[in-house]
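What follows is a single structure, written as structure tokens, with notes after it.
Derivation of every value follows stated rules applied to the coordinates shown; laboratory data play no part. Since the structure is predicted, the reported quantities are computational estimates derived from the model, not experimental observations. Every residue, glycine among them, receives a Cβ derived from its backbone with ideal geometry; neighbour counts consider all protein chains shown.
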Amino acid sequence: MHGDFTRWTHRPEDHNRSVLLQQGRVLLDADWNEQTAITAHHDETRTLDVVGRTGTRAPTDGSPGAFALVGPDGARPAGRPWAELFVVPGRYYVDGVLCESGDAPDPGWPLAGQPHLGTGEDGSTTLPEPEVPDGEERRHALYLDVFTHHVTADEEPALADPALGGPDTTTRARTVWQVRTAELDEQRCSDLRDPGWLRPQPPTMVAALEVKAGSDDPCQITAVQGYELLENQLYRVQVHDGGAAATFLWSRENGSVVARLLSITPPTASNPDAVLALDRLGRDDALSFHAGDVVELTSTAWQLGGRRGFLTSVTAPDGLDLAVAWPAGAPTLDDLGDHPLVRRWEGGPLPLQAEPQELEGGILVSFPVMGEPRTGDHWLVPARTVQVAWGVGAVSGTIEWPTLDDGSGAPLPPAGPVHHVAPLGILSGTGGAWTLDSDCRDLFPALTDLVSLDLVGGDGQEAMPGDPLPQPVRVVVRRGGLPVAGATVRWTAERGGIDPATPAADLEADVVTGPDGLATMRWRLGSAAGDPTTQTLRARLVDDHFDDVGASVVVTGRLSVAAQVQWDPACDRFGRTRTVQDALELIVTTPELRLLGGDGQTVPRRGALVPRPVRVVVDSACGPVTDVEVQVRAGEDGLIQPAAEDEPTPETLEGTGSREGSFRPGADGVVSLWWQPGFGDLRSAVVDLSLKEAAPVRVTAQIAAAGARRPGVHITGLALSTGAPFENDSDLTGADLATGIVVNLDAPVAQRSVQGKPVVRVELDLPWPHGPDGDIWAQQMVAFRTVELAAEWNADGPLIVWRPADLTRRWLMEQLWTMLAELGREPPLTGRFVLEGWAVVHEQDESQHVNTHADAVLVGPRTRLRLPTDDEVAGGTFVQWFRLSQQTQEDRLVVVPQVVGTPLDQARELLARTDLGVGRVRQQVAVGVPRGTVIAAEPTPGTRVPVGTAVNLTVAMTRIIPDDPFDPIDPGRPVPVDPVRPIRVPVPDVTRMTRARAERLLDEAGLVVELAEETSEEVRRNSVVGTDPPAGAEAEPGATVVLRVSTGRG
């Protein structure tokens, strides 16, 4: 800045906060200027810390923002001519410096015609289009160049107040900007943000004072080393020609001797000098123009364009007319452009060199580092005058320049101008068309715009179809890290349902944040046909007009479906499957051939059919399969033929059967075949049944050998006509027997082999002798006489029913017991049920009889038969005995056995042997008793009770170590139990668990499960809706808990 300043005292390294005035003191321009510099330094440093090296506020109105490059339509340019590129006005910060472009016509400042471009060295006043060779594409950086321009009253006349007569007072430091271009290779925006980009190495200068010989004459002013002139000056050293052959000019007045150039009278034939018309003279003779002075013709436009001024020398000043030498090529007034000026320099141009060069008054300058000097680079050297005391030849004239530790001058970079650069974008151009490839601007939100919507949790969850996600989705609204209460968050689900509390069917809902800034939403994924397995829920912050504020948060949820789970095929069969769903579908839909019956049959001779059809079923996990064919091969001599339901066994398949064939299953998936085995020379034969690409099912048959077991019909159980079981060695009353007996078989028998045939009977052993026989044989009973009770019997499919005649029934209930009382014979009587199985044949295969052999087993004091009967004996006679009494079982008394001190299983067995049952089982804590040991019984052991009485048991619940662990339990002494209260257990929470898992947990808790089904919209099928009593309620061990199981949606 070429102002008339005394010096420039601001140094940031001094960390000064302000300039303080003192009363009665002189106020210098340097003090004021330092205060403004301190304020600017604080402001720019603070901005640099907050914003960063470069940046502008991010637009919130959808516009491209400050200093964006756009086309005529305001959009990002693509393939636009150079003349159709514009810079959007606004504010931008570079190194903390505020750059304001001012208002511009829509859509912005033309890139080629910016307001502060000035005039370049080539005379252009516009930003030239970069040269791109034909057929090639070139990349150029677009950057912002920000620097300070010194404004005086010559440029801005309004700075001179007319009220004072227009004297020169203060000047201004103005921030100006230019958008420039620089050719690139492969750099990207991040490379352009490097602080060293487009910052050439500056030259350095050292200012020092010349050392001279002194004088002994006290009347002579001499200097050994010091500034020799008598006035304080601010010397300015400024680069004139930049580049490798750089030169500099210097001025003792900081280049402030300047006048406005009004006109230029060019040279004539008679006068080779040009005449410059000035607007004013200097304030005094020292500050005016003189013959021989070096003057520079420049202007505001040339200074902004970085163009060096035109130098000439004064030949003959005449008032306001200044005659100067005027060589060829000198500029015209129009060439200078706006605000032409004439500036005086005291010296130059001189070359920049490392050797010291004297300016004047002993001031030397040198340039130890040449760097890359640019036109306008300058240094300021304040010089202060000599002060002489009488008779003392001391030096006090100085310059203000920092020194190194050895006292030599410190090399300093230029004091200005300082260029701050920031990348704006990267352009690519070809054939005159330009495209913005990258926007390199740094955008930041305003502090009040720092409202963010962030996800807290709930993203990426999975749920079964129809179920809500396990956890709610939560977002937080914050401003600068602090929670915002009362903000509205709008939730939108593409499918399913959302609700702040419980998932519903709504697809959109608004939630207001709480004091913690949180907004919570429950989400149930859509599970309708065609719904994707991955779905999204969007959260948006909205304002009081319900318009979106900022970006939204998108959360994903996935349905837990097998179709989305990958697996690695374990074998070639699954080679084409990719997901678990594919594999499961292949498994459950793959038909399987299973044998239902007909294997291992025996035929009595060669050429005979097997007694029962060979039956197989084709099914999968999805049910019967009917669209396949079962391949059957019966061998060389065998024959096969379809078998209809309830069809009698054919005599032969000769002429109707075939050796092999394909058979399609019926609606139930069953294939039923008659088989006539072909044995050849063997005694066994096979028939193979198979599906395509599956292992066959092989069925065998044998020829019956002599003495071999023959298959037949089997007795599976006996019962009284009342439905009560009738086992061997049972106790019956006359009333029981009077109801009749039913025999259950595993196959229907021919009625004609039973009805009217003596194949079923009931026998009783009566005391003998009695009546007239007693008079002949003995007066007392010495034997038994077996009688057959009069009855009727018949066959009904797989049942044989025996019923006593009417007289027999009355006799069993009354007369029999009167007679025995008269004889003094106490019951019970021994009776037998007899079935002649050898005479009863199969309804369809009369070669099969009722095989009656069964193994006997001792169960306590009773002898039981292990039914059903087997084929150890073909046919035979089935006999089952019983004891007959008049009284009921309940009227007979038994003693409760000693079960205290025994394990629960052993106690159950003891009670069963005594014809007693087990009633309620309770658990209590007992001291020194192993868990599961019976500690009490009711009725107590030793008590006589009716047969069938249920005995209640109390068992130890936990084991507690006694004082003497070797003290055995004495079954005869009472066991100490907890007298306070029975143990109670909490009902586990099994809600939404599968039924099987819930039953297991309740069983482990010692509770009895009772199932109840109900429909539910929220709980999937076969999972638990709840329990009665509810979860957490206390119940005694053994208590019943109703498990409410969902059947799905109603």
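The range 618-671 and the range 982-1034 have Cα centres spaced 48 Å apart.
How big is the charge dipole of the chain about its Cα centre, in debye rounded to the nearest 20, if each Lys and Arg gets +1 on its Cβ and each Asp and Glu gets -1 on its Cβ? The calculation lands at about 4580 debye.
Spatially, the range 732-746 and the range 893-931 are offset by 32 Å when compared through their Cα centroids. Between Glu826 and Met370, the simple label model (points 7 Å from Cα in the Cβ direction) yields a spacing of 14.5 nm. Note on the range 985-1046: along the principal axes its Cα atoms extend 32, 18, 15 Å, ordered by decreasing extent.
Taking amide H as placed 1.01 Å from N in the peptide plane, Arg1021 has its amide H under 5 Å from the amide H of Gly1048, each at least 5 places away in sequence or on another chain. Sequence-distant contacts, meaning Cα pairs under 8 Å at least 6 residues apart, place the relative contact order of the range 205-399 at 35 percent.
Considered as an equivalent ellipsoid built on the Cα gyration tensor, the range 713-887 has semi-axes of 31, 17, 15 Å, the largest given first. Helix 29-51 axis versus longest C-alpha principal axis of the chain: approximately 20°, rounded to the nearest ten. Entry note, the chain: the mean residue ellipticity at 222 nm calculated from DSSP H runs of n ≥ 4, each adding -39500 (n - 2.57), is -2500 deg cm²/dmol after division by the residues and rounding to the nearest 500.
May I ask for the angle, rounded to the nearest 10°, between helix 904-913 and the longest principal axis of the chain, with both axes built from Cα atoms and the value confined to 0 to 90°? It is inclined by approximately 20 degrees.
Taking 0.36 nm per residue of separation and subtracting the current Cα-Cα distance, fully stretching the chain between Lys757 and Leu893 would add 44.8 nm. Of the residues Ser18, Ser251, the one with the fewest other Cβ atoms within 10 Å heads the list, and the complete ranking is Ser18, Ser251.
Entry note, the chain: relative contact order of 6 percent, from Cα contacts under 8 Å with a spacing of 6+ residues. For the range 867-926, the list of GluC sites (Glu not before Pro) that fall in a loop by DSSP and count at most 16 other C-beta atoms within 10 angstrom reads Glu872. Remark: relative contact order (the range 407-557) = 20 percent; criterion is Cα-Cα distance under 8 angstrom and separation of 6 or more residues.
Between Ala783, Pro266, Gly717, the Cα set farthest toward the positive side of the dipole of the chain (charges on each charged residue's Cβ, about the Cα centre) is that of Ala783.
Here's the picture: a label point sits 7 Å out from the Cα of Thr656 along the beta-carbon direction, and within the range 674-701 the residues with their amide nitrogen under 18 Å of it are 674-678.
For the pair Thr268 and Val554, the difference between a 0.36 nm per residue extended length and the Cα-Cα distance amounts to 94.8 nm. Fewest neighbouring Cβ atoms within 10 Å first, the residues Met993, Met1 line up as Met993, Met1. Remark: the Val1042-Asp43 segment gains 352.0 nm on full extension, using 0.36 nm per residue and subtracting the alpha carbon distance.
The range 396-414 and the range 52-128 have Cα centres spaced 42 Å apart.
Near Glu660, the amide H atoms lying under 5 Å from its own belong to Ala634; only residues 5 or more places off or on other chains count, and H is placed 1.01 Å from N. When the P(r) of the chain is calculated, the portion above 42 Å amounts to 71% of the C-alpha pairs.
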